[in-house]
Structures are given as structure tokens and as C-alpha cells.
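A short write-up of the structure that comes next.
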Amino acid sequence: MKKKILILIILLLPLISGCNYKELNNLSIINYIAIDYIDNEYLTTVKVLNTEKNTDNQSDTFNGVTYSAKGKTITESITNISLSIPKKIYLSHIELLVISESVANNKLNDIIDYFIKNNEVNKNFSVLLSRNSSAKEILEEKELLSSYPYGNILSSIENSSNTSGISSDIKFIDLAYYLNTDYKTPILTTIKLDNDKLTIDNLAIFKNNKIISYLDNQYNLGYNFMTDNINQAIINYKCDNDKYSSVRLNNTNTIIRPKIKNNKPYINIYITGDIYLIENTCNNTNTEIRNNTSKEINNIISNVLEYSKDNINTDIFNIEEIFYKFKNKYYNSINFKDKYKDMKYKIITRLEMR
Amino acid sequence: MNIDNLDKTLNKIKIECAGPDLNIKLMETKKIRLATIYLETITSTSEMNDVILKNISDDFRHEIKFKDVYNYLYNSISCGSINTISSYKEIIEYLYNGFAVVLIDKSDKAIVCEARATLDRGVSTPSSEAIIRGPKDGFTENFNKNLGLIRRRIKSPDLKVIEKNCGRLSKTRIGVMYISTIADKHLVDDIIKKIDQIDIDAILDSGYLRELIIDDNKSNFPTIMSSERPDKASMALLDGRVVLIFDNTPFVLIIPTFFIDYFHTPEDYYQKSNNVSFIRIIRFIAFFLSILTPAIYIALVTHNQKNIPTGFLVNFASQRIGVPFPSFVEALIMMIAFEILRESDIRLPSIGGSSVSILGGIIIGDAAVSAGIVSPIMVIVISITAISSLIFSQVDVISAIRTYRIIFLIAATIFGIYGIILLSILLIIRLTSLEVFNIPFTYPFAPFNLKEQNDTLIRAQRKKLQFRNFITAKKNIRRIKKES
């Protein structure tokens, strides 16, 4: 009896584990993928990591090779790509998805759907929007090709979003979540080809699955302040006629407290952080530095808030969610999207010199 | 059979014990006839000549005038271990134990006196359990010496030894040692009962008894520890455990043994506690490394490629290019190659040892990689595994680890990480259900005992190790007496 049960368990085990044996040297590891939508067809481009040993020159770089193919669906286009790749396409290590403007405007939901439902794909890759050129062109750019394992545009996005707060690293899983939630506004970092150099461009703002606006680079820092997406930032302020000073903000934290005043939404924005002095050209005192920095942060945030209220009338900072969570009764009684324009705010900074 | 007829008895012995080493010295006067019989090979020649034969022949020279030859001889032979026997069967027994037998005509009693040759080496450093700081003496093949080495450490009448003979032909002496004021008498009785039940032709090493004494022999892990170190045996005795010492083998058995014992060395107790705690944790890490490293590597590169960073994956993949075998076969080749190398290194006389290691090192480490048979990462994986397993001094543990390593490797090949986790659960179930003489093998982890934890993964300071092992020590539980 014991033996019978043991044999039964052994026979059943492959069903549980999936038995997905695959040798490493039979895989084409894809790390970048680009999707265009041209003439009602997808044009998918993938960059395969080159795992062949580079025996000619002693460098350790792993040059990638790009392949592209067309198809009515993304699956079909990827199947077509596999005709030209000798090994099995392996999508578990995608680091970057580039989509063109036409895809973003027409097929964004379908693409999200494909990647969500494909259980082989990891969900934590960055998504970039190619604004002026096709996604394929971005992927075929040399800078992206010959980069691994050195830094490239991807690491520069990550770095600048981590250390200076002037760009945002949007992950696929966040984008998918934002797109499927009513009170959140999806955004995407855009990338552009400028004289054969890849540069990070404005943030694209979506509304109803369409791009409605691009947020200028000057608003990026404010956007990141508002969404508490910042850990470290550099603030430059004018301290004299044509003299500027720089401070570094560390451990910044943003808390938005919702309030109702005269049946209108009202928010208090609390900003805390530590100031580290970098450049002090005017020999200011500590109090002056603190006041100037506070003033500058006030400026940055109110600029982006005013822009979002007046120019695009879209709540890009997910303030709606805060009201939904903390003032639910009030939120249900009004249409927040209409009231957003009338929202008042107050910025309170609590900074400390270190 | 009666032994009062000298000629008859001698003839019988001559036929039965015929051999080049049988020595019979016959002495005759008008009144008395007597014969001294001994086996040259197992008796000490000087002892025979200088003491026993000299005694007897001196008596002859002075013409024994007493009527009772037997009584006279018994008192005059200057030998400490002297005995009287009266049956033919006993003569043979003593003869083969290295005694000289003095037969007297027309007497129904014979005298036996010990003249055993020391057929063993002196006390030397134990070769299998080397330590740096601590006593360097080890057990030998001599029962009495082994007993003496322990008696030297525990000078108390409480240290009891019950001697048993085991093996129909070998008549091996087995000493069941315990401290009567600490150990559990039931355990001692159980062990003696088990030894009495054994009916085997010979016991040539303690390994024979170890397998015979346990009911459940399916476990790969050794549930009874053998040791060459008298200090380790004494520690076990002080813990209330039972130590079996043997004639003809330097390896004593320690009953019961716990899983954690294999991670401890006697040296742990001679050094600063903090440093020892660190090395004990290292031993645990090495234990898991040596079992799991190949399995985890195989699982990662054949099933769970998702779970490694891209940089690693590219690195692994580029190393696998051109290797003709599946990863599993590659790992198996390397493991077998290492085991062959290790085995030959042990068996080979030390003259050839270095050449084997150089040849093996070059072939496995370098040539196999450049020939494209194995990938460099596999060499690293197997090396880590092999080195980690060598941290244990017990050969049994190394063998058990090797077996589990291969089982885990197969599970990883078929089921990936899932298989490894499943098998780990099974292994834990197996280990925790092991019992030797009704004492749980994984104590003090399962069943858990908090008080005992100060001497498991870490070692607390000597002052804090106040208690003996709670499961084995039944009486006198305090090791350090309370200050009054």
C-alpha cells in the first residue's frame, strides 16, 4: 500500500511542477522589445542578448542582435520572429518595452493584456514611449545595442529618477494598474532620437487611453514631488541678481492631506526633507538657505499644479485616489474630475539643515 | 572431558590446535609430569621464558617435595593474572586468548596464566579526527588501553564497565561504559540486551555492531557516532551517554548520538565561546551548501531561469555554449570525477598521493574546461560542494551528504526548485522521525528544548553550560554546582 501511494505521488508530481525543462544554451534571452503599429499590423522588434563568447576582441560586452517581424497579433509577430532565431524565444528577462505613439493611442490596452496574460513574462520592466520616431528605430540605436552589461539610457533614467528627481522610471506593472483604475492617471516617460543620441523627453499623460498632453521637463521635478516619487533631489535657486545656489535634498517625503472647504476639495501638501548644502555662492545664512529652498520648492510644485489645473485639467498626481480613500462620503457626492479645477492647495515645507 | 590424563589431553590438543605456533613444553620427574602449552604467536616470548617457564623449571630444579603440585605451582608462579580451570573447553578458550596453560598429570585442575603479547601500536594521534588545540591521544586496537585512556580522564568508581563477548569465532571484547550516577540504567540494559541477542561469526570493527544494534537501518545518516578520540568519549560519558569500546578497533561507539553532534568537535569546548559560535554557523552553512549547491544550480539553469538576474543568466548561458551534455550529465560527470579523485587519494599510499591530486586538479580544473566538456561555472559549483563536505571529520556524514546530494540533484533536474523544496521537506520528516533506543535523533530541535539551545548552533560561555543533556542524563543533571 505504501509503495502504491509513493508511485502515485511520483506519477503525479510532473503535473504539479509543470516539467518545463529547458537547457540554458537553447534559449534566446530577449531583454528589449519594441512594438509599432503600422497599417493595421503589429511590427514587433526584439533585441536578443548575445551569449556567444567574444573571442575576437577581449572585451566583455555582449552585443545584442535585433530581429523584427510583422503580424496581426503580437503573438503572431513574435512567432514570425522565431522563424529567424535559431533558439527558443525566452521572454522572462525583458527589461524594457518601447511603444510608439500610434500603439499608445490605439492599442495600449491590447499590449497590456498580452503581457499580463503571458505567464512567462516578468512584469517588472520599464516602459518607454517613442515620440518622434518608430519604436523599432529606438531599439536599433547603437546605444541600446552595445550596452550590456554597461549602463545605457535605461540606467540613466533610473539614476536620474533616484538621485535628482528629474525623470520618472515607469514600470509595466504600474502602468497596467494605473490604466485599470478609474482615479489614476497613467503617465509614460518618452524617449526621443536626437542627432543619433537617445535622450529622455517629456512625460506623456494619458486620459481615456489616449495621450492628451506632454508634460514639459521643467515640471518633472514637481510631478515627482507631488507623487512622493523622490528620494533625493537637487534644488537650484536664485539668491542674488545673477547668482545661483544648489542644495541637495535627502530623505524627502510628501504627504497630501485632503480637506473640504466650501464644498470644494482642498489639500495640504506637507514636504519634509534634509538640506545638504552643495554650492553656496552668496554666503547665505542657514535660515536664508532654508527659506530660499522652501520658496523654490513652493514654486516648483505650484507651477506643476497650476499647469495641471489650467492647461490640461487632469489630475495627474492621483489626488482623486486620496479623496476616494479618506473622504469617501464627499467623493461619492461629487464628480471629482469636474471639481479638480477649483481645488485649492497649501504647501507646507519642513526642511532641516544638516 | 576430563583432563586428568596428561597424554590423552596433550594428544587431543595436538590434533585440534595443530599449527606451527603451538608450543608444548613437557617436564618430567619420577613423580610429577607436567606440560606448559601456549601459542607462540599471541604470547610474549620474554614473559613466557622469564616468568612462567623460569618459575616452573626453578621449582623442578629444587625438586618439588610437596604432595600437592597444583597448589604449590598456583602460589609460586609470579604472574598477576592466574586462574584455575577444569575443563577441556576452557583450555582451548584460554589458549587462544594468549594464556599459557599448565597441565598437571593426574590432576583434574589446570593452571592458566596470562602471557599475552602486545600486538598493537602505542597510543598515537587520531588520524581521522584531527584537532589543533586539545589532547592529541587517540584510541588504539587494544581494549585495555582504550579503557585506560578513559579511566585516566574520569577517575571515579562511578564509571562502570560491563564486559561482553560477541562473535562466535572472534569472541570480541566489548565494553559497555557508562557513569552510574548520571546515565539512564534502562538505556544501558537495552543496549546489553541487544548485544546479547547478536549471533554473528565475528565482529571485526565497531561498524559491524553499529548496524546490528539499530532496528531501523534505512536512514543514510549515521544515527550512532563512532569516534577515535578519548576526550570525545569522556564528554559523552559525562553527558550520561553510553560508550561502547571494542577490542581490535580504535573506533568507539557513542549511544545515543544527536544530529547536532556532527557539527560539534571536542575542540569547540577548548576555545573561546564566541569564536566557536561563528565556526559552528559556518559548519551549518557548509552542510547546506554541500548538499544543495549542485541541485540549486541545476534547478536555476534548467527550470527557473526567471529567478536569476539577467547578468547572471547571460554569464551562465555564455559559459554553456559548446558544452555537449545536458547540465545534469555535466554535473554528474564532475561529481563522479571528484569522488574518484577523493577515493584514490585515500586508498593510494602517500607517495603517489600528490601526483594524483596534481593530475586530477589539472584535468578537472583546467583541461576539461578548455576541451569544452564542462563549463567553468560547473567546476566552481562542484568545488564549493566538495570543499564544504570535507569540513566534517566523520566519514559517515560525508557519505550521507554525498548520497543526499545526488538525490537532490535528480529532484532538481526533474522538478526544479519545487523538487528541491519538496525533497527538503521529506528529508526533514525523515530525520525528525529517526530514533535510536527511543531517543529522538534531532533533539534539541525536534522536540524543541530552549534550555539546550546554548550549546547547539552557538556555544555559550562555559559558566552558562550548567546542565547536562536533559534527555540522556537522568540523575545529577547539574554540571556546574550552584554557588551557595
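The values are calculated or read from the model by the stated rules, or taken from the named source; none is laboratory data. Computed from a prediction, not measured in an experiment: that's the story for all the values here. Every residue, glycine among them, receives a Cβ derived from its backbone with ideal geometry; neighbour counts consider all protein chains shown. For the accessible areas, the whole protein counts, side chains as well, though only heavy atoms, and no ligand, DNA or RNA atoms are used. Shrake-Rupley method; radii C 1.70, N 1.55, O 1.52, S 1.80 Å.
Descriptive notes on the structure:
- Of the DSSP H helices in chain B, those with a Cα length along their own long axis of 27 Å or more and a mean Kyte-Doolittle hydropathy reaching -1.0 comprise B:273-302, B:327-347, B:395-415.
- With a Förster radius of 41 Å applied to the beta-carbon distance between B:GLU339 and B:LYS193, the computed FRET efficiency rounds to 0.55.
- Packing around the peptides A:107-116, B:456-465, taken as the average count of other Cβ atoms within 10 Å per residue, puts them in this order, highest first: A:107-116, B:456-465.
- Per-residue extension of 0.36 nm, minus the Cα-Cα distance of B:ILE362 and B:SER219, leaves a gain of 47.8 nm for this segment.
- Point-to-point label distance, B:ASN449-B:ASP58, nm (Cα→Cβ direction, 7 Å offset): 5.8 nm
- Seen through its C-alpha gyration tensor, with square-root eigenvalues sorted a ≥ b ≥ c, the range B:1-64 comes out oblate because a/c lies at 1.5 or above while a/b is not bigger than b/c.
- Label-point separation in nm, B:ILE398 to B:LEU289, each point 7 Å along Cα→Cβ: 1.7 nm
- Potential extension, A:ILE234-A:ASN180 segment - 0.36 nm per residue separation minus Cα distance: 16.1 nm
- Which listed pairs, of A:LYS136/A:LYS207; A:LYS261/A:LYS325; A:LYS4/A:LYS88; B:LYS136/B:LYS474; B:LYS272/B:LYS482; B:LYS164/B:LYS481, have C-alpha distances above 29 Å, in listed order: A:LYS4/A:LYS88; B:LYS136/B:LYS474; B:LYS164/B:LYS481
- Simple Cβ-charge dipole of the range A:78-139, Lys/Arg +1 and Asp/Glu -1, about Cα centre, in debye nearest 20: 140 debye
- Nearest-10 value in Å² for the accessible area of B:TYR94, using the 1.4 Å probe: 50 Å²
- Normalised by the number of residues in chain B, the mean separation of alpha-carbon contacts (under 8 Å, six or more apart) gives a relative contact order of 14 percent.
- Inter-chain Cβ neighbour count for B:298-306, averaged per residue, equals 4 (cutoff 10 Å, partner chain atoms only).
- In the full protein context, the protein assembly as shown carries 49 Å² of accessible surface per residue, based on a 1.4 Å probe and ignoring ligands, DNA and RNA.
- For chain B, excluding the exposed loop sites themselves (GluC sites (Glu not before Pro), DSSP loop, at most 10 other Cβ atoms within 10 Å), the longest remaining stretch covers B:64-482.
- Stokes-Einstein diffusion for chain A, with the hydrodynamic radius set to the Kirkwood value over Cα pairs and evaluated at 10 °C in a medium of 1.306 mPa s, equals 69 µm²/s.
- Positive-end residue of B:PRO440, B:PRO309, B:ILE410, charge dipole of the protein assembly as shown with Cβ unit charges: B:PRO440
- Expressed to the nearest 5 percent, the antiparallel share of DSSP beta bridges inside the range A:218-353 is 70 percent.
- Average beta carbon contacts from partner chains per residue of B:309-317, 10 Å cutoff: 6
- Lone cysteines, chain B (no partner Cβ under 4.7 Å): B:CYS17, B:CYS166
- Alpha carbon centroid spacing (whole Å) that separates the range A:190-209 from the range B:424-460: 61 Å
- Screening chain A for whole DSSP H helices with an alpha carbon extent of at least 18 angstrom along the helix axis and a mean Kyte-Doolittle hydropathy of at least -1.0 yields A:2-17, A:286-306.
- For a straight C-alpha distance cut-off of 16 angstrom, the lysines reachable from B:LYS54 (same-chain residues fewer than eight places away being disregarded) are B:LYS25.
- In this simple spin-label model, placing a label point 7 Å from the Cα along the Cα-to-Cβ direction at both A:SER246 and B:ILE154 gives a separation of 7.5 nm.
- Only Lys, Arg (+1) and Asp, Glu (-1) charged, at Cβ; the protein assembly as shown dipole about Cα centre in debye: 2840 debye
- Protection proxy ranking, peptides B:195-208, B:394-407, average beta carbon neighbours within 10 Å, highest first: B:394-407, B:195-208
- Within 10 Å of the Cβ of each residue in A:24-35, the mean number of Cβ atoms contributed by other protein chains is 4.
- Partner lysines whose Cα lies under 18 Å from the Cα of A:LYS3, excluding those fewer than 8 positions away in the same chain, are identified as B:LYS218.
- Contact order normalised by residue count of the range B:332-484, Cα under 8 Å, 6+ apart, percent: 9 percent
- Set of the range B:89-131 residues, backbone N closer than 15 Å to the point 7 Å along the Cα-Cβ line of B:ASN49: none
- Rounded to the nearest 20 debye, the dipole magnitude of the range B:143-268 is 500 debye, with +1 charges on Lys and Arg beta carbons, -1 on Asp and Glu beta carbons, and the Cα centre as origin.
- Rounded, prolate or oblate (a/c below 1.5 giving rounded, otherwise prolate when a/b exceeds b/c) for the range B:278-371 by Cα gyration tensor: oblate
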